[in-house]
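Below is one structure; the comments refer to it alone.
The values are calculated or read from the model by the stated rules, or taken from the named source; none is laboratory data. A quick note: this is a predicted structure, and the numbers were derived from the prediction, not measured. Neighbour counts are summed over all protein chains in view; Cβ atoms, including those assigned to glycine, are modelled from backbone coordinates with ideal geometry. Accessible surface areas use protein heavy atoms only, side chains included; no ligands, DNA or RNA. Shrake-Rupley method; radii C 1.70, N 1.55, O 1.52, S 1.80 Å.
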Amino acid sequence: MAHAGQILENPISGEKIIFRQTAAETDGELLAFELVLAPGGAVPGAHVHPEQEERFEVVSGTMAFRLGLKRVVPGPGETVVVPAGRVHRFENAGDEPAHVLVEVRPALEMERLLQTVVSLAEEGRCLRSGMPKPLDLALFVREFRREVRAPFPPPLAVRAALAPLAWAAERRGRDLQPAELTPSFA
């Protein structure tokens, strides 16, 4: 279970996540964390949070967001709000680390999703892009369908296409339970 002060570092995406407020502390209403994104760091691709709003407040550095077809480049003191259901992606657009305060509402299982992504990256179960390898991706899409989905094609088509891979992954004994993460404190 995530806790305030816990630090996750993704060796592929360049993301450092420091939990500030967890779902348990906010009765599921909010997940708040600090994101430190290394120069060149980015999320693996465009995605959608079907039920969650994300709010990004840039503390330092420069970020670039793609919100649908619109590009936004906020700097320190600026906030970007991504409504639930909106296609987006983000990256560090500068040559120094970007420090961002992130709020996700409602929290759902976003903490576990972030822990799982980091665990997969640490275990070599992601591609160079940071995207989980196909068998793990199939399990990931099924496990976190309320938290994230691909921007296209329709979600049911994605789930149907990945169902045989999820079955194969389970038959091979794969699961998405994060390896024991050594607690880190800020």
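Quick notes on this one:
- For region 160-174, backbone phi angles converted through the Karplus equation (6.51, -1.76, 1.60; θ = phi - 60°) give residue-by-residue couplings of 5, 5, 8, 4, x, 5, 4, 4, 4, 4, 5, 4, 8, x, 7 Hz, Gly and Pro being listed as x.
- Put simply, the amide H of Met63, placed in the peptide plane, has neighbours under 5 Å in Ala93, leaving out anything fewer than 5 places away on its chain.
- Top positive-direction residue, dipole computed over the chain with Cβ charges, set Phe152, Gly77, Met131: Phe152
- For region 1-64, the list of GluC sites (Glu not before Pro) that fall in a loop by DSSP and count at most 15 other C-beta atoms within 10 angstrom reads Glu29, Glu51.
- Given charges at beta-carbon only (K, R positive; D, E negative), |dipole| of the chain in Debye: 920 debye
- Region 57-107 - percent of accessible surface contributed by carbon and sulfur, probe 1.4 Å: 50 percent
- Prolate/oblate/rounded label for region 1-59 (Cα gyration tensor, a/c 1.5): oblate
- Neighbour-limited loop hits for GluC sites (Glu not before Pro), region 99-131 (at most 15 other Cβ within 10 Å; DSSP other than H, G, I, E, B): Glu123
- The residues of the chain present an accessible area of 51 Å² per residue when probed at 1.4 Å with all protein chains retained.
- Seen through its C-alpha gyration tensor, with square-root eigenvalues sorted a ≥ b ≥ c, region 1-130 comes out rounded because a/c lies under 1.5.
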